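Here's the structure, in structure tokens; my notes come after.
The values are calculated or read from the model by the stated rules, or taken from the named source; none is laboratory data. Being a predicted model, the structure only gives us computed values, none of them experimental. Here the Cβ positions follow ideal geometry from the backbone for every residue, glycine too, while neighbour counts run over all protein chains shown.
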Amino acid sequence: MAKAKKKPAAKAAKKAAGKKAVAKKKAPAKKAVAKKAVAKKAVKKTKRKPSAALMKAMNPSALLAEVVGAKPQPRGQITKNLWAYIKKHGLQDKVNKRLINADEKLKKIFGGKSVVNMFEMTKHVSKHIN
């Protein structure tokens, strides 16, 4: 009977030793995570620079200049001014916001189309930029 008592005690000792080993493995991992978090906080983010190609001033055609202005502007600014014109004159479709209902000035730019979606719009506008 003495041997029977030793076996469960030996198993319990092994389990306890295994738990200690597992606990030792987990503790360093927590410290490593804490060190990484501190390192991330210390790094300052630099401001992203826009692409030089996108910031290059482009000359709008005479038709496009009636809408966005005649001075040379980057592509992004031309698009921004075009959207300002569309919103100012209420040319965006009320139901489907992706559609633009062209007035007389925009029809000339859009190749005579009276309704153009916003993705087609950029295709048509790019033909009027040099």
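Restricting LYS88, LYS105, LYS127 to residues that are out of contact with any helix residue (DSSP H, G or I) (no Cβ under 8 Å at 6 or more places or on another chain) and modelled with pLDDT under 95 narrows the list to LYS127.
For the range 47-70, the set of residues classified as in contact (Cβ under 8 Å) with a residue 40 or more places away in the chain and more than 21 Å from ILE86 (Cβ to Cβ) consists of ASN59 only.
Quick one: in the range 42-59, which of the residues that are out of contact with any strand residue (DSSP E or B) (no Cβ under 6 Å at 6 or more places or on another chain) and surrounded by 12 or more Cβ atoms within 10 Å (Cβ to Cβ) is nearest to ALA102 (Cα to Cα)? So, considering only residues that are out of contact with any strand residue (DSSP E or B) (no Cβ under 6 Å at 6 or more places or on another chain) and surrounded by 12 or more Cβ atoms within 10 Å (Cβ to Cβ), the one nearest to ALA102 (Cα to Cα) is ASN59.
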